[in-house]
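Some notes on the structure that comes next.
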Amino acid sequence: MHGTTSDPTDGGTGHAGRIVLLTTSHRVAPGLLSWQAWDVLRGADAVLCADAAHPQLPYLKEAGVEVTVAHAPLAARDLVDRCADGGRTLVVLTTAEGDRRLTDGLAALAGSGREQLPALELLPGSYDLPGARLLDLVQVMDRIRRECPWSSRRTHEDLAAYAIEEAYELVEAIETHDRAELREELGDVLLQVVFHARIAQEDGDEPFSVDDVAGGIVDKLIHRHPHVFGDESAATPEEVREIWLRRKGEAKRRASVTDGVPLGQPGLALAAKLGSRVRTAGLDVPLPTGAGLGHELLTLALRAEAAGEDPEAALRAAARAYRAGIRAVEGVGS
């Protein structure tokens, strides 16, 4: 039921009236409606709502729009009959998800072909902006933190292992080109961010919220992209990288190029990251002396990084191929 439709037996005169289903999003502040919504609300013969707790009601009252709150679900038959009385315009205030029972009832009457129906219109009064569902996630996480016996007791330290696990699962989904898994794992990683931010709100000394987290990364991105948000220019990825590293160095003011490199990451990734820092800084650092497997692996990792390869990803790919060979020998299959 999209747009406006009129019953063909009406002759286009509109004598059967008009029913407007007005939807609003709970993710947009109440009262912020489109001008089309305000226009139809002020011009309607009656505005109906089956939810006495609808967030728009106080704002409509303040704007002088009288709303009749029904004490029972609105019935399609009743609305059609009320419209037929002088060709009236009725506005039904629903939610963004709509009123399935009412729309099904109207569709059934329209499908009968035995009577003249009013024009039926679906009018979104407010729209979700991109990222609006993140607000739902924050609200859900807040309730879980307050009411779930397990989640309410978790600490940052409790969740640290989960963050690592979810990150690895995300990488696996990327490397195996599994789109469904990629979408799910991105959600799991996002959950870790929101969960940690919610825990941080309760800190007695240095509390911060998910808004502080988002605000911080927004400021960082704008600062490190002056070629997008400022006066600098960058025509190539190499120029972008130079700006990023320069701005990052200005902000961090590190004493060593190794500052900020987490030593707890996998060995090959750690070696490659250190090699990248050394190469970017233009330092001439000799490899540690000695023999043994560790030194050989370090040399291989640095060689891969210099060639633009990720040694950790390369080893994972080889390991997956080896796993496939093992399962083939076992007759297990993929």
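At a glance:
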| quantity | calculated |
| --- | --- |
| Most to least accessible of SER126, SER112 (protein chains only, probe 1.4 Å) | SER112, SER126 |
| Histogram of C-alpha separations across region 245-334, 10 Å bin width, % | 14, 37, 27, 14, 7, 1 |
| Using a Förster distance of 41 Å, the FRET efficiency for GLU175-LYS61 (Cβ separation, nearest 0.05) | 0.15 |
| Choice from PRO286, PRO311, PRO30 showing the highest fluctuation, given a GNM over the chain with Cα pairs closer than 10 Å | PRO286 |
| Dipole magnitude (debye, nearest 20) for the chain, charges at Cβ of Lys, Arg, Asp, Glu | 300 debye |
| Extreme residue, positive dipole direction of region 114-183, given options LEU123, GLN139, THR176 (C-beta unit charges) | LEU123 |
| Accessible surface of HIS177 - all protein chains present, 1.4 Å probe, nearest 10 Å² | 150 Å² |
| Region 169-198 and region 47-95: distance between their alpha carbon centers, rounded to Å | 43 Å |
| PHE208, PHE195, ranked by accessible area, largest first (probe 1.4 Å) | PHE208, PHE195 |
| Of all DSSP beta bridges in the chain, antiparallel share, percent nearest 5 | 15 percent |
| Segment ALA214-ARG153, length gained on full extension (0.36 nm per residue, minus Cα span) | 19.5 nm |
| Computed over region 71-184, the ratio Rg/Rh where both radii use C-alpha atoms and Rh is Kirkwood | 1.23 |
| Solvent-accessible area of ASP136 with every protein chain in place, 1.4 Å probe, in Å² to the nearest 10 | 20 Å² |
| Ratio Rg/Rh [Cα only; Rh per Kirkwood] for region 133-203 | 1.02 |
| Proximal lysines relative to LYS220, as straight alpha-carbon distance under 22 Å, when same-chain residues fewer than 8 apart are discounted | LYS248, LYS252, LYS273 |
| Region 205-271 - accessible surface per residue (Å², probe 1.4 Å) | 71 Å² |
| Probe 1.4 Å - accessible area at GLU202, Å² to nearest ten | 100 Å² |
| Per residue accessible area in Å² of region 44-164, where ligands, DNA and RNA are left out and the probe is 1.4 Å | 60 Å² |
| Ranking by accessible area, most exposed first, for GLU250, GLU166 with a 1.4 Å probe | GLU250, GLU166 |
| Length gained when the stretch ASP188-GLU232 is fully extended (0.36 nm per residue, less Cα-Cα span) | 12.2 nm |
| Protein accessible area in the chain, 1.4 Å probe - carbon and sulfur % | 57 percent |
| With 20 Å bins from 0: P(r) over the chain, alpha-carbon pairs, percent | 20, 37, 28, 14, 1 |
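The values are calculated or read from the model by the stated rules, or taken from the named source; none is laboratory data. Everything numeric here is computed off the predicted structure, so don't read it as measured data. Note that each Cβ is placed from the backbone with ideal geometry, even for glycine, and that neighbours are counted across all protein chains shown. To get the accessible areas, we keep the full protein, side chains included, count just its heavy atoms, and leave off ligands, DNA and RNA. Shrake-Rupley method; radii C 1.70, N 1.55, O 1.52, S 1.80 Å.
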